[in-house]
Amino acid sequence: EANELWDDAFFLGWLWLALVIAVFVGNITMFYGFGISSEKLARVVRINMVNKLTRMHPGYFDLPENSVGAVTDRLATDATLIKAYTGEPLQQAFLSGFSITAGLVIGLVFCWPIALMALAAMPFIGAAISVQWAIMTGGSKNNSGENSGASAVVGEAMSAVKTVNSLN
C-alpha cells in the first residue's frame, strides 16, 4: 500500500512537472508568435506610409494638417497604434477564448449545472468587458488632434531654426 501511494505521488509529481514545462513553452511560443506578427505588421505599415508620402505632390505638405511635424507625428503614432491594437489585445483575446472553451468543456464534463450557469452569465460578462474597453480607449481618441497640431508647430519651429542658423 505504501509503495503504491509513493508510486502514485511520484507519477503525479512528474505529471505536474510536464504540465509546467508545457505551459512555459506554450507561453513563450504564444508571446513570440504574437509579438513577431505584430512587429512585422507595424513595419509594413511604416514602410507603406513612407512610400506613399515620398510620392505625394509637394503641395500636399503645404496644408497645415500635412506639415512636416504632423506627418512625422502620424508616422510615429499610426504604426504604433496598429501594433498596440494587434499584438497584446489579439493575444489576450486568443488566451481568453481558449481559457473559456477549456473551462466550459471541463465544467460540462465534471459539473454540468454550474457550467450551464457560467454559460448563461457570459453575455453579461462580455457586455461589461466591452463597456470597460470603450471607457479605456475612449480618452485617447480625443487627444490625437491636439498632438498632431503640437507636433506640427514643433516641426515648423525646428525647420525655422535650421533656416535662421543657415543664414548666419
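The values are calculated or read from the model by the stated rules, or taken from the named source; none is laboratory data. Predicted, not measured: the structure shown is a model, and the values here were computed from it. Ideal geometry is used to build each Cβ from the backbone, glycine not excepted, and the neighbour counts take in all protein chains shown. Accessible surface is based on the protein model in full, side chains and every heavy atom, while ligands, DNA and RNA are left aside. Shrake-Rupley method; radii C 1.70, N 1.55, O 1.52, S 1.80 Å.
Go through region 110-121 and give me each residue that's open to solvent by less than 90 Å² (accessible area, probe 1.4 Å) and either within 23 Å of the chain's Cα centre (by Cα) or farther than 25 Å from Asn27 by Cβ (or both). Step through it out loud before you land on a result.
Quick first cut of region 110-121, residues open to solvent by less than 90 Å² (accessible area, probe 1.4 Å) only: 111, 113, 115-116, 118-121.
Hits for region 110-121 are Cys111, Pro113, Ala115, Leu116, Leu119, Ala120, Ala121.
What pairs come out if I take residues in region 24-36 that are under 16 Å from Leu90 (Cβ atoms) and pair them with residues that are among the β-branched types (Val, Ile, Thr) and surrounded by 11 or more Cβ atoms within 10 Å (Cβ to Cβ) whose C-beta lies under 9 Å away, six or more apart or interchain?
Qualifying pairs under 9 Å: Phe34/Thr86.
Does any residue of region 96-104 turn out to be in contact with a Leu (Cβ under 9 Å, 6 or more places away or on another chain) and surrounded by 11 or more Cβ atoms within 10 Å (Cβ to Cβ)?
There is at least one residue in region 96-104 that is in contact with a Leu (Cβ under 9 Å, 6 or more places away or on another chain) and surrounded by 11 or more Cβ atoms within 10 Å (Cβ to Cβ).
For Thr72, all conditions in the list (1) without any contact (Cβ under 8 Å) to a residue 60 or more places away in the chain; (2) surrounded by 11 or more Cβ atoms within 10 Å (Cβ to Cβ); (3) assigned to a helix (DSSP H, G or I) hold save one; what is the number of the exception?
(1)
With respect to Gly107, is the statement that it is in a helix (DSSP H, G or I) and surrounded by 11 or more Cβ atoms within 10 Å (Cβ to Cβ) true? It would help to see each step written out before you state the result.
Numbers: in a helix (DSSP H, G or I): yes; surrounded by 11 or more Cβ atoms within 10 Å (Cβ to Cβ): yes.
Considered against the rule, which asks whether it is in a helix (DSSP H, G or I) and surrounded by 11 or more Cβ atoms within 10 Å (Cβ to Cβ), Gly107 comes out as yes.
Residue by residue through region 76-89, note down the ones that are in contact with a helix residue (DSSP H, G or I) (Cβ under 6 Å, 6 or more places away or on another chain) and part of a helix (DSSP H, G or I).
If we filter region 76-89 for residues that are in contact with a helix residue (DSSP H, G or I) (Cβ under 6 Å, 6 or more places away or on another chain), which is where we start, we get 79, 82-83, 86-87.
Correct list: Ala79, Ile82, Lys83, Thr86.
Does region 42-69 hold any residues that are in a helix (DSSP H, G or I) and either open to solvent by less than 60 Å² (accessible area, probe 1.4 Å) or in contact with a helix residue (DSSP H, G or I) (Cβ under 6 Å, 6 or more places away or on another chain) (or both), and which are they?
Residues satisfying the conditions are Ala42, Val45, Arg46, Met49, Leu53, Gly59, Tyr60, Asn66, Val68, Gly69.
Determine, yes or no, whether Leu104 is over 24 Å from Arg46 (Cβ atoms) and either in contact with a helix residue (DSSP H, G or I) (Cβ under 8 Å, 6 or more places away or on another chain) or modelled with pLDDT under 75 (or both). Steps first, answer last, please.
On the way: over 24 Å from Arg46 (Cβ atoms): yes; either in contact with a helix residue (DSSP H, G or I) (Cβ under 8 Å, 6 or more places away or on another chain) or modelled with pLDDT under 75 (or both): yes.
It is true that Leu104 is over 24 Å from Arg46 (Cβ atoms) and either in contact with a helix residue (DSSP H, G or I) (Cβ under 8 Å, 6 or more places away or on another chain) or modelled with pLDDT under 75 (or both).
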